[in-house]
1. Enter the per residue convex hull volume of the range 1-62, computed from alpha-carbon coordinates, in Å³ rounded to the nearest integer.
2. From the phi of every residue in the range 38-53, what ³J(HN,Hα) in whole Hz does the Karplus formula 6.51 cos²θ - 1.76 cosθ + 1.60 yield, where θ is phi - 60° and glycine or proline is x?
3. With Cβ to Cβ distances under 12 Å as the rule, what net charge do the other residues near L49 carry (K, R +1; D, E -1)?
4. Would you please give the FRET efficiency between A36 and A84, computed as 1/(1 + (r/R0)^6) with r the Cβ-Cβ distance and R0 = 22 Å, to the nearest 0.05?
Amino acid sequence: MLVTFRTKAYADITMFGDVAVTLLKLMGHSAAVPGALMPEDIPAALAKLKAAVEEHAEKPLDPTPSGSQAAPQDGKEGQYVSLAHRALPLIELLTAAAADDAYVMWD
């Protein structure tokens, strides 16, 4: 599943469903897809997401289901995409939406 975040203040961002749901939970949201944030709720969600990223910036955020033993490909064992890198596009989208007093929707 893919989740696309939309706002009139920024370009659409599409993420893997697992990653998007994890980021929604870090924002303090129920992680329901589809969903939306009203403009007055964006600053609090953005603050929670930034705090989580600051606390666990280098934590891996891997969409591979927990417990699965995915084999490393091409000798890239130990490589992952950090929480900070996964969250950056959403942080930028939320920042732009907050500045423009715009809704954020995802489906």
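No lab work stands behind these numbers, since they all come straight from the coordinates. As the structure is a computational prediction, the values presented were derived from the model and not from experiment. Because the Cβ atoms are built from the backbone with ideal geometry, glycine has one as well, and the counts that use them run over all protein chains shown.
1. Working: hull volume 5.7 nm³, N = 62.
Convex hull of Cα atoms, per residue: 92 Å³.
2. For the range 38-53, the Karplus-derived couplings read 7, x, 6, 8, 5, x, 5, 5, 5, 5, 5, 5, 4, 5, 5, 5 Hz, x marking Gly and Pro.
3. Working: positive: K25, K48, K50, R86; negative: E54, E55, E92.
Residues close to L49 contribute a combined charge of +1.
4. Values: r = 25 Å, r/R0 = 1.14.
So the FRET efficiency works out to roughly 0.30.
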